[in-house]
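One structure is given below, encoded as structure tokens.
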Amino acid sequence: MRRRWILPVVAIAMASLTTLAVINYLRSLQREAAVVAPAKTEAVVFAKASIAERKTVTADALELRELPAAAIHPQAARRIEDVVNRVAVAPIFADEQVLLNKLAPAGVNVGLAYVLPKNKRAMTIAVNEVVGVAGFVFPGDRVDVVGTVNEGDLKFTKIILQDIEVVAIAQKVEQKPGEEPRVSTSATLALSPEQVETLAQIDNSGKVRLALRPYGVTEQVRTSGKTIESALGRVVKPAPGPAPQAAVARTAPRPRLAFGTTALRRSSGPSAPTTTAPAQAAAPKVPAPTIFNVEVWRATTKSVVSFTEARL
């Protein structure tokens, strides 16, 4: 009788021990999962507000924030004193880590040379209200440069440069004794070295204007340029040449022979052959040369240069 109860009791005891072991194991796993090693954080300088390009960074625009070490940019500044009073060479946006490569070296007053692309050159031209699109051109806009020059006797207008960035607009008030104050405006453009040569040549020999481009439009448009005649829709007809006249040589009739019964008699003696001289070709009429007047502006001084159309 006792032997019958031994096996069930042993089985129950083994099952209980196994259950307790599994429960303890699961609880240990839960404790290990609950204990997470804290992530290592470091202080990083952030911008509280946007900082414009070429602006001096002030302390009130900065703050320190803790970030995990894996989320910190290698160029990020770690101390506010390393950033204050330095000049931004690129825009820094709010809630962005302040990167040291976006700041000019300490103690350097940044100029245009720090923000100009390496393959560009800055060139300044004098503009007025007309040239500068009535004051609607601002730094960062892109423009086309239109040049009007005299080529011989021909006054010619063409878009010479397209999609050019305006990097600066400057105004200066000048006043001479006894005269009203005058505001002179200049526009600084970012050009390639070849474009610098083109604009300098056109600006010295003619007149330039700026044409504002719509935002985001970058394609280049091929144009043939305009003269006064083509701009007004006139068609220049070539001068009519002299009508061709063929020289016709007229020869007198050949002598005729008269045959008699007893002798061969020559009819009245042949007259000397006569020819008419070819008509002398009329000299072609040369049209009068066309004279073009070009207005040349140098700063605020206007002069008129006249050219005669060259004919080949």
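The values are calculated or read from the model by the stated rules, or taken from the named source; none is laboratory data. What you see is a predicted model, and the numbers here were worked out from it, not measured in a lab. Cβ coordinates were reconstructed from backbone atoms using ideal geometry, including for glycine residues, and neighbour counts include every protein chain displayed. Ligands, DNA and RNA are stripped out before the accessible areas are found, and what is left, the full protein with its side chains, is counted by its heavy atoms. Shrake-Rupley method; radii C 1.70, N 1.55, O 1.52, S 1.80 Å.
Laid out as a table, the results:
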| read-out | value |
| --- | --- |
| Filtered residues of region 147-159 (kept if surrounded by fewer than 19 Cβ atoms within 10 Å (Cβ to Cβ) and in a strand (DSSP E or B)) | Asn150, Glu151, Leu154, Phe156, Lys158, Ile159 |
| Which numbered condition Gln75 misses (of (1) under 35 Å from the mean Cα position of the chain (by Cα); (2) modelled with pLDDT under 90) | (2) |
| Flag for Asp153 being of a type in the set (Asp, Glu), more than 17 Å from Lys55 (Cα to Cα) and at pLDDT 80 or above | no |
| Top-ranked residue of region 58-73 - restricted to ones that are open to solvent by 40 Å² or more (accessible area, probe 1.4 Å) and part of a loop (DSSP other than H, G, I, E, B), ranked as nearest to Val44 (Cα to Cα) | His73 |
| Leading residue by the ranking (most open to solvent (accessible area, probe 1.4 Å)) among those in region 42-56 that are under 30 Å from Ala113 (Cα atoms) and at pLDDT 90 or above | Lys48 |
| Unmet criterion (only one of (1) open to solvent by less than 50 Å² (accessible area, probe 1.4 Å); (2) modelled with pLDDT under 80; (3) closer than 27 Å to Ser306 by Cα) for Thr185 | (3) |
| Every pair of residues 6+ apart whose Cβ atoms lie under 6 Å, when the first sits in region 38-57 and is closer than 17 Å to Gln97 by Cβ while the second is of a type in the set (Lys, Arg) and in a loop (DSSP other than H, G, I, E, B) | Val57/Arg86 |
| Which listed residue, of Ala39, Ala15, Ala76, is open to solvent by 60 Å² or more (accessible area, probe 1.4 Å) and not aromatic (Phe, Trp, Tyr) | Ala39 |
